[in-house]
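Here the structure comes first, spelled out in structure tokens, and everything after it is commentary.
The values are calculated or read from the model by the stated rules, or taken from the named source; none is laboratory data. Keep in mind that what you see is a predicted model, and the values were worked out from it rather than measured. With ideal geometry, Cβ positions are generated from the backbone for all residues, glycine too; neighbour counts draw on all protein chains shown. With ligands, DNA and RNA removed, areas are computed over all heavy atoms of the protein, side chains included. Shrake-Rupley method; radii C 1.70, N 1.55, O 1.52, S 1.80 Å.
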Amino acid sequence: MPSNKSVSDAPIVQFTNCRILRSHQLQREDLWVREGKILNPEKLFFDEKGSADIQLDCKDSIITPGFIDVQINGGFGVDFSLATDDFKSGIDLVSQKILSHGVTSFCPTLVTSPPSVYHQVLPQISIRNGGAHGAGILGAHLEGPFISKEKKGAHPEHCLRTFEAGAFQDLLATYGSLDCVRIVTLAPEMKRSSEVIQELTKRGICVSLGHSVANLSQAEEAVQHGATFITHLFNAMLPFHHRDPGIVGLLTSDKIPAGRRVFYGMISDGIHTNPAALRIAHRAHPKGLVLVTDAIAGMGLAPGRHTLGQQVVEIDGLNTYIAGTKTLSGSVATMDTCVRHFQEATGCSVETALEAASLHPAQLLGIEHKKGTLNYDCDADFLMLNDGLYVQATYIAGEEVWRQDALGM
């Protein structure tokens, strides 16, 4: 009779006494993990005649896929839009610290910057798996500089750019390389943006619409050319108008190509978006909602002055402003805080809140066969949460990488 060792010598860990988020529902069953992947227990029992080498009692925790943050500008004093000699140690620090927020993968985000910054920083960002060293890096999110002057938000106006005759070449010259780039945010009303969207999409890069004064037909055209995401819905775009709802109208547009879904990011920190606006968006298009932190260097630090790329920002409680103004500039909210606020503000189910930070960002990036779910053969990146949705432990590839010791588990 073959045993479980005939397939692999690696130990099999069985997580018991838990509720697992699978198929959009919390299900009371065990989670089986081997070699960093989630196992199908039926195959293990019947094909391999195997059993668990280690059993872990989860004490009735919720087990959910790890959170994926596709828009995070930095944190803990580190600003991804600053070209520094120790940039790598900065990104390592952030990836390590966000494990306690339940983030197991992320897209380091650069705000509008001079070309010299992209040329220095992007070669230092490498796509990598997560582990005890920190959350995995899925690739960079470049937010700007091809955005609208009118809706620049906290982006420095002197660094904004437009597409000239060789549109895609302009973009390449600005960024220097697209090797590690996963998402580009641009304003679709800019001339020649359609060809840029098509070229980026062809290369497997997700195009997001944001910092824009686009009307609905310009936004729909961008989606027809391949754009799939909206950067922080409601923020830095024209407000909803009933005769031309602008980019917001994509949530209920009937011009989206068949078989395609438009996703939209929301900063659910209680500051950037009124709870009523969160509810409107969620009820209009629940399957497209992606929670993002849009966190800046000041996340995890005391109130005061910090940086966001080329600008100085002031933190006052959960508010972050460009110094001397009332212009909001990113957030200092953590991903687990955003999940809890979203659930409370919308009254949605726990499952829905958790999927907005895990399944939906994975679907946006086309990696849902590996991350964002607890399906068999997926990466064993998951969290243990209590009923209040506070993170108790974070696992990457089946290994515990962070634990809330104070809970005495």
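In this entry, Ile72 is excluded by the filter for residues that are aliphatic (A, V, I, L, M), out of contact with any helix residue (DSSP H, G or I) (no Cβ under 8 Å at 6 or more places or on another chain) and surrounded by 14 or more Cβ atoms within 10 Å (Cβ to Cβ). Looking only at segment 95-147, which residues are open to solvent by 10 Å² or more (accessible area, probe 1.4 Å), more than 24 Å from Leu364 (Cα to Cα) and not in a helix (DSSP H, G or I)? Of everything in segment 95-147, those that are open to solvent by 10 Å² or more (accessible area, probe 1.4 Å), more than 24 Å from Leu364 (Cα to Cα) and not in a helix (DSSP H, G or I) turn out to be Pro114, Ala132, His133.
Among the residues of segment 328-342, is any farther than 15 Å from Ile68 by Cα and of a type in the set (Ser, Thr, Tyr)? There is at least one residue in segment 328-342 that is farther than 15 Å from Ile68 by Cα and of a type in the set (Ser, Thr, Tyr). For segment 89-119, a residue qualifies if it is closer than 21 Å to Gly309 by Cα, small (Gly, Ala, Ser) and in contact (Cβ under 8 Å) with a residue 12 or more places away in the chain, and the qualifying residues are Gly90, Ser95, Ser113, Ser116.
Scan segment 192-239 for residues that are crowded, with 19+ Cβ neighbours inside 10 Å and acidic (Asp, Glu) and the total you get is 2. Every listed requirement among (1) more than 16 Å from the chain's Cα centre (by Cα); (2) more than 17 Å from Pro361 (Cβ to Cβ) is met by Arg261 save one, (2). Anything in segment 164-205 that is over 23 Å from Gln120 (Cβ atoms) and in a loop (DSSP other than H, G, I, E, B)? List them, or say none. Across segment 164-205, the qualifying residues are Glu164, Ala165, Gly166, Ala187, Pro188, Glu189, Met190, Lys191, Arg192, Gly204.
When Ser81, Ser61 are checked against the criterion of being small (Gly, Ala, Ser), touching a helix residue (DSSP H, G or I) at 6+ places or on another chain (Cβ under 8 Å) and surrounded by 14 or more Cβ atoms within 10 Å (Cβ to Cβ), a single residue qualifies: Ser81.
In the set (1) open to solvent by less than 20 Å² (accessible area, probe 1.4 Å); (2) within 22 Å of the chain's Cα centre (by Cα), the condition left unmet by Gln363 is number (1).
In segment 244-269, which residues are surrounded by fewer than 18 Cβ atoms within 10 Å (Cβ to Cβ) and on the phi > 0 side of the Ramachandran plot? Within segment 244-269, just Gly259 meets the criteria. Of all residues in segment 207-230, those that are among the β-branched types (Val, Ile, Thr) and under 17 Å from the mean Cα position of the chain (by Cα) total 3. Search segment 311-334 for residues being part of a loop (DSSP other than H, G, I, E, B) and more than 20 Å from Cys107 (Cα to Cα), and hand back the single one that is most open to solvent (accessible area, probe 1.4 Å). Only one residue fits best here, namely Lys326.
Of the residues screened, Ala295 is one that is modelled with pLDDT of 95 or more, touching a strand residue (DSSP E or B) at 6+ places or on another chain (Cβ under 6 Å) and small (Gly, Ala, Ser). The condition of being open to solvent by 60 Å² or more (accessible area, probe 1.4 Å), touching a residue at least 40 places away in the same chain (Cβ under 8 Å) and outside the structural domain of Phe106 (by the TED database) holds for only one of Leu56, Leu26, Leu31, that being Leu56. Applying the set (1) among the hydroxyl-bearing types (Ser, Thr, Tyr); (2) touching a residue at least 60 places away in the same chain (Cβ under 8 Å); (3) in a strand (DSSP E or B) to Thr337 leaves exactly one unmet item: (3).
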